[in-house]
Every structure is written in structure tokens, then in C-alpha cells.
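S.K.: Supplied in C-alpha cells, the structure appears directly below.
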Amino acid sequence: MTKNPSNSDSILVRSIGMDARKEAVFRMAFKMFTRRRYQLLDTGDTQAPAVTIIDVDGAEGMAIAHQLHSEQPEQRILLTSVSPQADSVFPVLQKPVRMETLFPALESLLNGGPAPGKPAGRSGATVMPIRPEVTIPAPATPVVPSPAAANPSAPKPVAAPRLTPVLRPEEIRHFNPQAGLLGLLQIIRRDQSSAIIVDGQQQIILRLDPMADQAILLADDEHLKSLAREEHPQLQMRAPNHADVPAHASTRRLTLQSLLWQMGAWTADGRLSQQLQINAPVQLKQWPNLTRLTMLPDALRLAAFLARSPASPALTVKMLRVEPHDLFNFLAAADSLGLLRYNTAENPDNRIQPTTSNASTPAEIPAAKRSFLGRLLARISGL
Amino acid sequence: MREDNKIIFTGPVGVGKTTAISALSDIPIISTDAQASDMTLNRKGHTTVAMDYGVLKLDENTKIHLYGTPGQERFDFMWDILTTGGLGLILMLDNTRPNPKKDLHFFLHAFKDFIVDVPVVIGVSKTDVQAQPQIADYASMLPEVTADLRMLNPIPPIFEVDGRNKDDVKNLVMALLYSIDPGIGDQS
């Protein structure tokens with residue numbers, strides 16, 4: 001593990017009661033957070049920390065916290081626990097610790113917030129949304145249109161050096177994934193019953209067989225794309241019959257999953273789903289089957305990032321420097337296939353799950369290896 | 001300084017490992033095939049009895065060694081040797097085999113020490129011949145199959161692949177690289 005050089009600007013943090021894996025997670029979080037420079041002290045480092053974070057789920061966790069407070073009354077103490085006690089005298093973060101709550105809690109402590117000896121409420125920390133870091137106002141970069149389904153698995157060439165995208169929350173547009181054509185497709189997928197969708201002139205647009213994962217398309221991509229972007233298109237859904245698709249009709253066949261994925265991205269059209277929040281975490285339940293779906297821009301990177309651990313859209317843009325509209329399209333496409341977890345009151349089964357216990361800790365990637373991997377990626381992409 | 005790295009392709013007999021390596025290799029693949037003499041004969045006439053070997057060159061001094069393990073379980077004694085210095089594991093599964101879940105379990109456990117430190121990606125072949133299990137089924141199997149394993153990426157990519165399709169193979173490898181570091185495409 002690379003040890004960060006100590007720096008007079010660093011805010012030193014000590015951890016107590018954590019194994020190497022948990023410490024590695026904190027190190028990664030500190031590295032990802034650029035507004036302030038936090039540094040987790042190594043074991044044996046005798047520098048005085050500004051804050052001590054204690055995992056109190058161990059046998060003597062609370063006793064250690066109280067002992068530290070009695071010996072060093074000025075020391076700022078932050079606890080982590082899977083079951084925070086409402087009457088804790090120290091601020092407590094619910095585990096799994098999220099960046100969205102960790103840094104506001106640290107900021108609060110450093111600014112003289114909930115101090116030891118004062119009840120801090122259930123969560124302890126004042127939870128404030130972290131607004132995405134907006135650094136360099138980049139000039140508008142060209143939007144790469146999603147390729148048509150003609151060659152869905154063709155890898156996208158590795159992009160040239162990219163500018164830091166700008167995410168301005170006030171400019172984010174939203175869409176309702178339960179409305180319009182996408183909403184109808186979701187109903188068909190959910191109910192697993194065959195259906196056809198007709199337009200206002202009773203022309204058949206789609207014939208769908210969710211049990212067989214099949215879709216027959218009787219409209220071209222441009223027509224479907226324009227329908228996807230209408231929130232209230234004149235569409236109807238009804239049960240199919242054998243005469244719906246004449247033998248001579250020009251049709252295309254896709255898997256229903258491919259259609260849903262593409263319609264999710266077209267419907268989003270650079271907008272964020274109403275069901276997602278810019279600062280709330282999302283996670284992939286599984287990778288999309290990207291060799292058989294339209295390869296959206298940055299889809300492989302986004303899938304790798306969001307399968308690894310939950311991250312908010314704001315954090316994802318910041319960490320991967322992806323264009324927000326590409327991220328929003330990817331999220332919409334993944335959500336259309338039911339591949340996303342996020343916390344909503346309506347669907348408690350879809351809540352973000354704690355980090356799996358069988359995950360090993362990713363080692364920090366040295367710069368030389370990153371460079372090597374980047375060259376290898378470019379080589380593979382160009383084959 | 002010479003830099004050598006490995007990507008390991010594994011999976012059961014006839015799944016398409018040799019073809020996948022051929023799609024990437026800069027040299028004609030060095031394959032130690034032999035006439036199959038046992039039950040393997042039922043699936044293909046020739047099979048890899050030691051390993052397949054291909055090379056992807058980044059520059060004069062940097063090569064990526066592409067190794068394909070034998071598909072037959074009796075050769076698993078050599079897999080530890082193969083994996084030393086590996087970047088990751090590409091596990092290819094054959095959807096027409098009688099019990100793909102058993103294969104998934106076998107190969108992930110055979111490489112259990114390797115995949116603690118490196119990512120695994122899973123390619124499922126012959127889904128055009130046998131549609132079940134689907135990709136979602138494999139994803140559902142994973143928690144049970146890997147319950148006693150530690151993995152760098154517990155939610156690995158699972159893609160349908162055809163080893164003859166270069167784009168499929170490229171996507172598998174690119175997913176492997178992004179699983180090591182999702183930030184590598186960001187060259188700013």
C-alpha cells in the first residue's frame with residue numbers, strides 16, 4: 001500500500017478497531033475526496049490526529065472511546081457502528097459508512113460540531129449532501145450519439161484525453177421512466193405477458209414476448225427514438241393475435257432486453273431518472289450483458305465502477321470524468337433492465353446492500369501500472 | 001526493462017479458449033493439442049493437453065502473455081504455475097454442458113487463490129445453441145457458488161461470447177482491465 005506523504009495541509013485521522021481492509025476503504029475515500037486533504041495515520045505513527053474514528057462494534061469499542069476521551073478530552077472522536085445507539089455521547093456513523101455522510105460528519109467535528117460529551121442524536125453527524133466538485137468549466141464537448149443496434153458489441157475506441165466534465169445540479173433535467181413508451185415496456189416486462197403496442201393511428205409499433213425475451217420491431221429507430229422522448233405519446237397496449245404482423249411486413253427482431261436497454265438510453269436522452277438523486281448512491285446488481293447490448297459510451301467503465309461499490313451519480317462523474325449525459329443514459333438503460341439498486345421508499349427490496357463480506361480489498365494501483373493498463377487498453381481497443 | 005504480464009483463459013473442454021486467444025495474439029498461437037483419447041473425444045477431436053500460448057505485444061519490451069489452460073480437470077496441478085504474475089482470469093463457460101453451474105463452481109474454486117488479488121470475467125459461449133441458463137441465471141448462482149471465496153470483484157462481468165467474434169473477446173478483456181481500475185480510460 002502506498003503511504004501518502006505527510007503534509008502540513010493534511011488533516012490527520014487515526015482509526016481504532018479497524019482491520020486493514022476497513023482502513024483501506026477509508027484511505028480510498030480520503031483519496032477520492034479532494035475538497036480537503038485527509039490522511040489516515042499508519043499504525044505506529046505518533047503524530048497527533050485531528051480526529052479519531054473508532055469502530056465500536058468490537059468487544060471493547062465503546063470502552064476505548066470513553067478511555068480516549070478521558071485521556072484526551074480535546075480529541076475529536078467519531079464512531080462507526082452497524083447499530084448506532086441513540087444515546088451515544090459521540091457522533092456515530094451508521095455502517096456501511098458512506099462518503100455522503102462521512103465527510104459532512106468530519107467537517108462538522110472539525111468545525112466544532114457535535115463534541116464529545118454532548119448527545120449527538122441518532123446519526124450523530126449532520127448529513128449534508130455533498131455537492132459535486134465543479135472544477136474547470138469545460139467547453140462543450142461533442143456528444144457521441146449512441147450507435148445503432150447494428151453492431152452492438154463493437155468496443156468503443158478508447159477516448160482521447162478528456163476534459164473534466166462539469167456537473168451543475170441546477171442544470172440537470174429529469175425524466176419519468178414509468179411514463180411513455182418505456183413505461184409500457186416496463187409493464188410488459190414486469191407482467192411477463194405478450195403484448196403489442198400500437199400508435200395513435202393503430203399502426204403496430206412493437207410486438208413483444210417477454211417469456212421468450214423477444215421483440216419484433218415494426219418501426220424504424222428514428223420513429224422509436226422520437227416516441228421514446230415523448231412523455232405522453234399516443235400509444236396503446238393490447239393482447240396480440242396471430243394476424244398482427246403480416247407475413248410481408250418489414251420487421252426486425254431483437255431480444256426484449258436489448259430493446260429495453262436501448263429505449264432506456266433513448267428515453268433518458270441525457271436526463272436523470274426521477275427515481276435517482278444526484279447525491280444518493282446507486283449500485284449495479286450485475287453487469288449488463290454488454291456483448292449483446294448496444295455499447296453506450298463509457299459503459300464498460302461505468303459498469304466496472306458501479307459494480308465495485310455504490311456511488312452517487314455526482315461522485316461517479318467526478319471519479320471517472322464521464323460526461324453526465326452518458327452516465328444518465330447508462331443508468332436509465334441499466335435501470336430499465338432492473339440492474340440497479342438504489343434506496344427508495346416504494347421499493348425496499350431494492351435498497352443498497354452492505355459491501356459483501358467476500359470482497360477482497362483492491363490494492364492501490366501504482367501510477368506505472370495505471371499507465372501500463374492504459375496502454376494495454378488502447379492496444380486491445382485498436383485490434 | 002522487460003515487462004511481462006499474463007492473462008489466463010480457463011474453462012471446460014471445447015468452450016473456445018484457443019479461438020479466443022487466437023483473436024488477440026500477435027503470433028500464431030502455440031497450441032499443444034493432441035488427439036483426444038478419452039471422454040473429451042465426445043466433444044472435440046483434438047484438445048489442449050498442456051496449454052495454449054499467444055502473445056500481445058505493447059512495444060519492443062512489453063508483452064502480454066496469453067495462456068489457455070487445458071480444459072481437462074486432470075491438468076489442474078499446473079494452474080498455479082500459470083497464474084503467477086497474472087493480470088486476471090477469463091473464465092469461459094459452455095452453455096451446452098450438462099451442468100454449467102458445476103463448471104462455474106469448479107473453475108472459480110480451482111483459481112481461488114488467484115482471484116483474491118485479480119479480477120475474473122466470465123464469458124458464456126454457445127448460448128445460441130442452448131439458451132438456458134441465461135446470463136441473469138449465472139449472476140443468481142454466484143452468491144452461492146462463491147460464498148466461501150474471497151474475490152477482488154464479487155460482481156464480475158458475465159457476458160455472452162462467441163470466441164470466434166473478436167469484438168466479444170475484446171470486450172471480455174477490456175472488462176477485465178476496467179475491473180482492475182475503472183479509471184484507466186480517463187487519460188486526463
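The values are calculated or read from the model by the stated rules, or taken from the named source; none is laboratory data. Values in this document were obtained by computation on a predicted structure and should not be read as measured data. Here the Cβ is made from the backbone with ideal geometry for all residues, glycine too, and neighbour counts use every protein chain on show.
S.K.: In the range A:216-236, which residue that is of a type in the set (D, E, K, R) and outside any loop (DSSP other than H, G, I, E, B) is surrounded by the most Cβ atoms within 10 Å (Cβ to Cβ)?
M.R.: Top of the filtered list is A:LYS225.
S.K.: Sticking with this structure for a sec: Restricting to the range B:141-188, give me the number of residues that are more than 13 Å from the chain's Cα centre (by Cα) and among the aromatic types (Phe, Trp, Tyr).
M.R.: Final tally of qualifying residues: 1.
S.K.: Here is a further query. Given the criterion closer than 26 Å to B:LEU87 by Cβ, away from every other protein chain (no Cβ under 11 Å) and touching a helix residue (DSSP H, G or I) at 6+ places or on another chain (Cβ under 7 Å), identify the matching residue among B:HIS109, B:HIS105.
M.R.: B:HIS105
S.K.: So is A:THR46 loosely packed, with under 15 Cβ neighbours inside 10 Å and at pLDDT below 75 or not?
M.R.: Against the criterion (loosely packed, with under 15 Cβ neighbours inside 10 Å and at pLDDT below 75), A:THR46 does not qualify.
S.K.: Would you be able to say whether some residue in the range A:203-215 is assigned to a strand (DSSP E or B) and acidic (Asp, Glu)?
M.R.: Yes, the range A:203-215 has at least one match.
S.K.: Here's another thing I want to ask about it. With among the charged types (D, E, K, R), in contact (Cβ under 8 Å) with a residue 40 or more places away in the chain and within 30 Å of A:ASN343 (Cα to Cα) as the only criterion, which of A:ARG238, A:ARG229 stands out? Before you say what the answer is, go through the steps one by one.
M.R.: Numbers: A:ARG238 fails: within 30 Å of A:ASN343 (Cα to Cα).
Exactly one of A:ARG238, A:ARG229 is among the charged types (D, E, K, R), in contact (Cβ under 8 Å) with a residue 40 or more places away in the chain and within 30 Å of A:ASN343 (Cα to Cα), namely A:ARG229.
S.K.: Next question. Being touching a Leu at 6+ places or on another chain (Cβ under 7 Å), closer than 28 Å to B:GLN134 by Cα and small (Gly, Ala, Ser) is the filter here, so list the residues in the range A:194-252 that pass it.
M.R.: A:SER194, A:ALA195, A:ALA215, A:ALA228
S.K.: Only residues that are of a type in the set (Asp, Glu) and touching a Ser or Thr at 6+ places or on another chain (Cβ under 8 Å): list them for the range B:114-134, please.
M.R.: B:ASP117
S.K.: Consider B:VAL129 against the criteria (1) buried (at least 17 other Cβ atoms within 10 Å of the Cβ); (2) under 20 Å from A:ASN289 (Cα atoms): it satisfies all of them except one. Which criterion is unmet?
M.R.: (1)
S.K.: So A:ALA105 clears everything in (1) of a type in the set (Gly, Ala, Ser); (2) in a loop (DSSP other than H, G, I, E, B); (3) surrounded by 15 or more Cβ atoms within 10 Å (Cβ to Cβ) except one condition, right? Which one?
M.R.: Failing condition for A:ALA105: (2).
S.K.: Next question. Between a residue in the range A:178-201 that is farther than 21 Å from A:GLU222 by Cβ and any residue that is of a type in the set (Val, Ile, Thr), which pairs come within a Cβ distance under 9 Å, given they are 6 or more apart or on different chains?
M.R.: The qualifying pairs are A:GLN178/A:ILE187; A:ILE188/A:ILE197; A:SER194/A:ILE188; A:ALA195/A:ILE187; A:ALA195/A:ILE188.
S.K.: Under the condition of being buried (at least 22 other Cβ atoms within 10 Å of the Cβ) and more than 7 Å from chain A (Cβ to nearest Cβ), which residue from the range B:154-170 is nearest to B:LEU108 (Cα to Cα)?
M.R.: In this case the residue turns out to be B:PRO156.
S.K.: Still on this model: Name every residue in the range A:237-251 that is surrounded by 13 or more Cβ atoms within 10 Å (Cβ to Cβ) and either among the hydrophobic types (A, V, I, L, M, F, W, C) or modelled with pLDDT of 90 or more (or both), in order of residue number.
M.R.: Scanning the range A:237-251 gives A:MET237, A:VAL245.
S.K.: Filter the strands (runs of 3 or more DSSP E) completely within the range A:237-348 down to those with at least 1 residues that are away from every other protein chain (no Cβ under 14 Å) and among the basic types (Lys, Arg).
M.R.: Those strands (runs of 3 or more DSSP E) span A:252-255.
S.K.: Shifting gears a bit: Out of B:VAL173, B:VAL145, B:VAL121, which single residue is closer than 21 Å to A:THR294 by Cβ, β-branched (Val, Ile, Thr) and more than 7 Å from every other protein chain (Cβ to nearest Cβ)?
M.R.: The unique qualifying residue is B:VAL121.
S.K.: Check every one of the strands (runs of 3 or more DSSP E) wholly within the range B:1-99 and list those with 3 or more residues that are at pLDDT 85 or above and acidic (Asp, Glu). Give the steps one after another, and end with the answer.
M.R.: On the way: elements: B:3-10, B:30-35, B:46-59, B:62-68, B:86-94.
By residue number, no strands (runs of 3 or more DSSP E) qualify.
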